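Remarks on the structure that follows.
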Amino acid sequence: MGALNGQTKQDTARTNLVGVADRLEEGRALAQDVWSVFNAANLPADCINLGQGYMNFSPPQWIKDAASEALSTVVANHYSHPKGRLRLREAIREYYSPILGRQLDVESEILVTSGANEGQYSVLTAFLNPGDEVIMFEPFFDQYLPSVVFNAGKCVYVPLHPDPTKPKPTSDDWKIDFDELRRAITPRTKLIMLNTPHNPIGKVFTREELLKIAELVEEFNLIAMSDEVYDTLVYDGKEHVRFATLPGMWDRTVTVESAGKMFSATGWRIGWLIGPSWIIQPTLAATTRIVFCSNSPMQEAVAAGLEQCTKRRFVETQCAEYTERRQILTDAFDRLGARYTLPEGTYFLLLDISNVTWPEDYPFPASVEGRGRDFKACWFIAMEIGVSTIPVSEFYCKEHVGIGESFARFAFCKDTDTLHKAAERLQGLGKFMRR
Ligand SMILES: Cc1ncc(COP(=O)(O)O)c(C=O)c1O
């Protein structure tokens, strides 16, 4: 068989001849990540996926129609300007200028990106020198870490603190220790990553909290990267405060947005950045080298989405639908007598799994051994209850895993039938909960 396809045994061993860059290891890019451990392929076939944060429904038909229309033109099938298609930049200007209280300039203050993720990466490429420090609150959206590390930056983690004494906590009960935040800032700190509404807690940072952060941003001459991709999903009349609207903060803030979250189109890979020209222009230089431009026809469709969403009351309707989805899960946990953090925003909910138990000899796979206790709990829940979730310790640095391992993240960006089915199954968790 040695001659099969002209290969010899020796040939097949010719792998890993040259070492990969250290940044892959340092950026946790080689470790088996949580998404592959809890991948549908590793779980029972009928397991309900409330793990990954993408929808099991499509974008609205009128936005898909706009995508089809764009595909039938010649220009929309070709390169766009690296800043983004003018129609989309104008739609962004019209939508956000009133919200931000200033007339945005489409040439210098708006940049279309390939999803929020690539936008954030490009800001980091544009501003980080080796060793520059970036502050992020824990738990953090897991892409932040590799994005900082790949750009030679150093992550500095500041945990949000849950309140273990509250029987019915809300996301507002997760607090910043401002002394801890101040101590984390050093002469190398260049940027702070904010995320409101927050994945995975669902916290909508209060004006008071953001004003205190803004004081530090000004005092220590920082850039604020304000990830507000869940800004259209805020519940119970809670106010979403845009960091860029706080006194003096327009000049220091790049706001990050995502069409994937806003229009249920996570695979379209369209996002945008809004900020002062001194942040947007170097970021444009970076994004031009990284992707050159973003998906052209989908930019046209997203432009249609922004142009029409006010008249169609799209955001209000969508938010009401998500409120109902949240309620299905919270009702299920209330029936079960389980403790969870009520999210004020996003489509995530944290269940306290510190009292979930399993038999000592339960056959766990190697992929969850040696990780936080939550990896085992989430594996057990997926196998025995048939609902997959995400262990929250993945969103922490090694030193702070102990905070995260008490929680499993449930994503409720699913249709109501799926959520009702999951809610029924979750009642079975009662017999595994220590009371
Ligand atoms: C907080 C946060 N920021 C950014 C992103 C990435 O958004 P996009 O899909 O537009 O790159 C996500 C996606 O889950 C997220 O949760």
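For a quick check: sort T310, T15 by the number of other beta carbons within 10 angstrom, fewest at the front. Working shown, then result.
On the way: T310 13, T15 6.
Exposure proxy ranking, most exposed first: T15, T310.
Taking every DSSP beta bridge with both residues inside the chain, roughly what % is antiparallel (nearest 5)?
Details: 20 of 42 bridges.
Of those bridges, close to 50 percent are antiparallel.
Tell me, what is the FRET efficiency for Y362 and S36 to the nearest 0.05, using R0 = 30 angstrom and their Cβ-Cβ distance as r? Mind dumping the intermediate values first?
Details: r = 21 Å, r/R0 = 0.70.
Efficiency for this residue pair is about 0.90.
Could you tell me how far the Cα centroid of the stretch 240-270 sits from the Cα centroid of the stretch 102-116, in Å?
10 Å
Could you point to the residue in T357, A382, C309 farthest towards the positive end of the stretch 308-387's charge dipole, with +1 and -1 charges on the Cβ of Lys/Arg and Asp/Glu respectively?
Farthest along the dipole direction, towards plus: C309.
Between E399 and E208, what's the calculated FRET efficiency when r is the beta-carbon distance and R0 is 35 Å? Round to 0.05.
Details: r = 28 Å, r/R0 = 0.80.
Given R0 = 35 Å and the Cβ-Cβ separation, E is 0.80.
Output the Kirkwood hydrodynamic radius of the chain, Cα pairs only, in Å rounded to one decimal. Mind showing how you got there, number by number?
Working: mean 1/r = 0.0436 Å⁻¹.
Final number for the Kirkwood radius of the chain is 22.9 Å.
Arranged from highest to lowest average of other beta-carbon atoms within 10 Å per residue, in what order do the peptides 216-228, 311-323, 17-29, 336-348 appear?
On the way: 216-228: 20.3, 311-323: 13.5, 17-29: 11.6, 336-348: 22.3.
Final packing ranking: 336-348, 216-228, 311-323, 17-29.
Only the coordinates and a few stated rules stand behind these numbers; no lab work does. What you see is a predicted model; the values in this text were computed from it and never measured. Positions of Cβ are backbone-derived with ideal geometry, glycine not excepted, and every protein chain shown enters the neighbour counts.
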